[in-house]
Amino acid sequence: MTEVTDNTGFPEVLQKCPTGIRGLDDITDGGLPGGRPTLIAGGPGSGKTLIAMEFLVRGATQYDEPGVFIAFEEREEDLVKNFASLGFDLKELEAQKKLLVDYIHIERSEIEETGEYDLEGLFIRLNYAIDSIGAKRVVLDTIESLFSALTNEGILRAELRRLFHWLKTKGVTAIITGERGGGDTLTRRGLEEYVSDCVITLDHRVEGQIATRRLRVVKYRGSKHGTNEYPFLIDEHGISVLPITSLELDHDVSTERIPTGVLRLDTMLGGGFYRGSSILISGTAGTGKTTLAASFARATCERGERCLYLAFEEAPRQIIRNMRTIGIDLEPYVRQGLLKIHAARPTIFGLELHLVTMYKMINEFKPSVAVVDPITNLITVGSETEVKSMLTRLIDMLKASQITALFTHLTHGGAPLELTEMGVSSLIDTWALLRDIEIGGERNRGLYILKSRGMEHSNQIREFLMTGQGIDIIDAYTGPAGVLTGTARVVQEAKDRVLEVERKEEIERKKRDLERQRKAVEAQIAALRAEYEAGEEKFRKFTQEEERRKEIQEEVRKEIARIRKADVP
Amino acid sequence: MNNIKEPQQESEIQETEPEVWELRLYIAGQTARSDAALANLKRICEEHLAGKYRIEVIDLLKNPQIARDHQILATPTVIRKLPEPLKKTIGDLSQTERVLVGLDLRPLKKE
């Protein structure tokens with residue numbers, strides 16, 4: 001038994017007796033009221049006997065508290081057989097004197113009531129059983145059987161009152177099971193009248209052809225407790241009840257960034273996702289949500305951390321095969337036990353049960369990253385509010401355990417992409433949107449970050465490519481012609497290149513023209529110079545000739561004078 | 001269920017081969033009720049089975065294990081161990097008619 005002190009400051013301390021049943025101790029804030037009887041009421045097949053027996057088995061194996069099981073309905077051999085399938089070895093526990101099963105057989109037709117009587121025989125049996133193994137826990141399953149066996153209800157009721165009082169004085173923590181009643185009473189015989197400290201009801205309802213077991217703590221004197229209906233699961237390890245782990249939003253936050261598995265996406269987010277954050281990847285069909293999720297899973301495993309991949313659409317082998325074709329080989333990690341792919345059809349059970357299953361797997365596998373691919377398919381199982389409440393609880397639980405969660409979500413064409421049917425956006429820290437960009441008869445993938453709490457992130461749409469080496473994110477074409485992707489981007493880029501080349505050629509041509517022009521001018525200059533030089537030459541010749549003519553004229557004149565014998569001037 | 005034929009057969013057996021009735025009275029300590037039960041049982045036996053009955057009183061407080069072994073729940077309980085089949089009544093045996101039915105003691109004299 002553990003002591004639970006509440007912070008109200010009252011000196012009274014309520015002893016709690018942990019059940020050891022996963023989740024139930026969270027709802028009841030530590031367990032059942034210690035040393036007092038608790039009533040568990042439920043219809044046939046709701047799991048009353050199982051909860052009661054698990055309470056004893058866990059007590060015997062985990063808390064060193066032996067237990068006595070008084071069976072009014074099932075024989076010991078049947079109980080042993082039934083619980084063997086849940087991994088409880090009752091025979092072994094009995095041999096270790098940690099458990100004692102006493103089958104009380106009562107058949108109305110065999111018993112004649114001949115006057116006043118009491119149930120002292122039952123008390124003696126119970127007392128003897130408790131004392132023989134030093135039991136701290138007792139189960140009476142189902143004491144209401146007495147009502148059908150004994151006719152004198154007056155005596156019976158008085159004796160039951162005495163019994164529960166006696167159990168309290170005996171100091172044992174007891175579970176009394178009762179058939180759920182139809183009218184205003186919780187149990188058919190109104191047992192809640194006697195057991196008033198703690199009442200738990202079990203329910204097994206079918207909604208939309210899916211059966212879900214639920215548990216609710218109707219009352220718990222002197223203790224806070226969850227009042228909702230909590231789904232629970234019966235599997236090979238017993239019962240798991242799913243609680244809301246943190247209503248207070250007080251989980252630790254980490255500033256550590258973890259890589260997304262796509263280098264460019266890391267830079268878009270300024271370093272990766274925050275550890276323990278929740279990420280939503282939404283997009284229409286075939287936009288690469290699973291691929292992105294698988295990349296993230298691979299990056300996780302590469303770091304040597306564990307990743308739980310919950311697939312609601314594809315079988316594990318199919319995911320591995322498909323991812324291998326784009327260069328993401330997940331198989332080695334599956335073999336190393338770092339990656340666990342769990343596939344389940346969304347419709348095999350109700351939402352709550354899915355949640356319990358996930359909860360259980362997360363608790364067992366203890367991953368650092370959980371991928372749910374896709375959450376959309378769960379919507380088919382429940383209503384919007386149910387889905388939202390389930391996701392809230394799932395995300396809460398993951399955050400509380402610092403698990404980074406990545407969800408994929410299929411949006412339907414036509415609807416605004418920013419709207420998710422479940423309205424989960426408020427729960428999501430980082431939201432990446434994958435969208436089709438349809439231009440020129442082509443569908444291309446674009447990726448952008450819609451929101452990312454607490455980190456700088458790129459506002460650009462990137463083009464998202466799947467290559468043989470995994471995901472590649474490249475800048476989409478942004479230019480005067482708008483945002484282009486795919487072939488359109490390639491064409492536009494080619495066009496741009498052509499323009500560039502043309503401009504270059506133009507310049508070359510102009511340069512050549514100028515050169516030619518220069519050469520022509522130079523030629524002209526040369527010609528003019530030549531012309532000038534020719535003129536000069538001509539002139540020089542002319543002056544020479546003139547001088548010679550003058551010389552000749554002088555000579556001639558002198559000759560004439562000589563001939564004429566003219567006086568010499 | 002137990003129709004008239006069976007007791008007749010038994011009474012025939014009784015007549016031809018008188019046997020000892022073995023009755024066990026289970027009580028939880030010496031209480032007024034257990035005393036009353038024993039007194040009532042003795043009275044009825046004397047009346048119907050004079051000389052051919054044996055009463056064993058078992059106090060469960062002294063032998064608690066027996067409560068489990070013999071499937072005793074209410075006290076006082078009377079079990080007719082012999083002749084077979086086993087018969088069981090609970091209560092202080094104050095309602096004689098019911099005791100006769102419960103232990104299958106036909107009130108032969110009155111018939």
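The values are calculated or read from the model by the stated rules, or taken from the named source; none is laboratory data. What you are looking at is a predicted structure, and each value in this text was computed from that prediction instead of being measured. Positions of Cβ are backbone-derived with ideal geometry, glycine not excepted, and every protein chain shown enters the neighbour counts. Areas reflect the complete protein model, heavy atoms only, side chains present, ligands, DNA and RNA absent. Shrake-Rupley method; radii C 1.70, N 1.55, O 1.52, S 1.80 Å.
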Here Rg/Rh (Cα, Kirkwood) for the stretch B:19-102 equals 0.94
A correct Karplus calculation of ³J(HN,Hα) over the stretch A:446-461, with 6.51 cos²θ - 1.76 cosθ + 1.60, θ = phi - 60°, whole Hz and x for Gly and Pro, returns x, 10, 8, 8, 6, 7, 7, 5, x, 8, 6, 8, 5, 9, 8, 7
Calc'd 3J(HN,Hα), the stretch A:313-321, phi into Karplus 6.51 cos²θ - 1.76 cosθ + 1.60 (θ = phi - 60°), Hz, glycine/Pro = x, comes to 10, 10, 6, x, 4, 5, 4, 4, 5
Binned at 10 Å starting from 0, the alpha-carbon pair-distance distribution of the stretch A:36-170 in whole percents comes out as 11, 42, 34, 11, 1
Buried by partner chains in the stretch B:86-107 (accessible area down by at least 20 Å² vs chain alone, 1.4 Å probe, heavy atoms, protein only) are B:Lys88, B:Ile90, B:Gly91, B:Asp92, B:Gln95, B:Arg98
Interface call, the stretch A:76-125: threshold 50 Å², probe 1.4 Å, accessible heavy-atom surface of protein chains, chain by itself vs complex, result A:Glu112, A:Thr114, A:Glu116, A:Tyr117, A:Asp118, A:Ile124, A:Arg125
Restricting to lysines and to Cα separations under 21 Å from A:Lys510, and discarding same-chain partners fewer than 8 apart, the set is A:Lys519
Over the stretch A:58-205, with neighbouring protein chains present, the accessible area per residue in Å² at probe 1.4 Å is 40 Å²
Share of accessible surface on carbon and sulfur in the stretch A:257-475, whole %, 1.4 Å probe and ligands ignored, is 52 percent
Looking at the stretch B:55-77, residues buried by 50 Å² or more relative to their chain on its own, accessible surface at probe 1.4 Å, turn out to be B:Pro64, B:Arg68, B:Gln71, B:Leu73, B:Thr75
Toy charge model, Lys and Arg Cβ at +1, Asp and Glu Cβ at -1: the protein assembly as shown dipole around Cα centroid in debye, rounded to 20, equals 2920 debye
For the table A:Lys340/A:Lys399; A:Lys136/A:Lys224; A:Lys16/A:Lys224; A:Lys340/A:Lys360; B:Lys42/B:Lys81; A:Lys98/A:Lys136, the rows whose alpha-carbon distance is greater than 18 Å are A:Lys340/A:Lys399; A:Lys136/A:Lys224
Computed over the stretch A:257-475, protein heavy atoms only, probe 1.4 angstrom, the accessible area per residue in square angstrom equals 38 Å²
Of every hundred units of 1.4 Å-probe accessible area on the stretch A:2-241, the number belonging to carbon and sulfur atoms, as a percent, is 46 percent
Listed by chain and number, the lysines with an alpha carbon less than 21 angstrom from that of A:Lys538, same-chain partners under 8 positions apart left out, are A:Lys550
Looks like the stretch A:257-475, by Cα gyration tensor root eigenvalues a ≥ b ≥ c and the a/c under 1.5 rounded cutoff (else prolate when a/b is bigger than b/c, oblate otherwise), is rounded
In debye to the nearest 20, the charge dipole size for the stretch A:441-555, taken about the Cα centre with +1 at each Lys and Arg Cβ and -1 at each Asp and Glu Cβ, equals 980 debye
Output for the stretch B:33-72 (equivalent-ellipsoid semi-axes, sqrt of 5λ from the C-alpha gyration tensor, Å, descending) is 24, 12, 7
Inter-part gap, Cα centre of the stretch A:325-356 to Cα centre of the stretch B:22-49, in whole angstrom, is 70 Å
Between chains A and B, total accessible area buried, probe 1.4 Å, no ligands or nucleic acids, nearest 100 Å², roughly 2200 Å²
In Å², rounded to a whole number, the accessible area per residue of the stretch B:32-110 with probe 1.4 Å is 49 Å²
The long-range amide H neighbours of A:His342, using H built 1.01 Å from N in the peptide plane and a cut-off of under 5 Å, are A:Tyr309, A:Leu310, A:Ala311
Computed over all unlike Cα pairs, the Kirkwood hydrodynamic radius of the stretch A:515-569 in Å stands at 14.6 Å
If each part is reduced to its alpha-carbon centroid, the stretch A:79-143 and the stretch A:153-177 end up apart, in Å, by 14 Å
With the dipole of chain A defined by +1 on each Lys or Arg Cβ and -1 on each Asp or Glu Cβ, the option from A:Asn363, A:Ile326, A:Ile428 whose Cα lies farthest towards the positive pole is A:Ile326
Given A:286-298, A:65-77, A:94-106, the highest-first ranking by average Cβ count within 10 Å works out to A:286-298, A:65-77, A:94-106
One would report the Cα pair-distance distribution of the protein assembly as shown, bin width 10 Å, in %, as 3, 12, 16, 14, 12, 9, 7, 6, 5, 3, 2, 2, 2, 2, 1, 1, 1, 1, 1, 0, 0, 0, 0
Projecting the Cα atoms of A:Trp166, A:Val490, A:Ile133 onto the charge dipole of chain A, where Lys and Arg contribute +1 and Asp and Glu -1 at Cβ, the residue farthest towards the positive end is A:Val490
Checked against the positive end of the charge dipole of the stretch A:257-475 (+1 on Cβ of Lys and Arg, -1 on Cβ of Asp and Glu, about the Cα centre), the farthest of A:Pro316, A:Gly270, A:Ser458 is A:Pro316
In whole percent, the fraction of accessible protein surface over the stretch B:19-102 that belongs to carbon or sulfur atoms, probe radius 1.4 Å, stands at 51 percent
From most to least accessible, 1.4 Å probe, no ligand or DNA/RNA atoms counted, A:Trp166, B:Trp21 line up as A:Trp166, B:Trp21
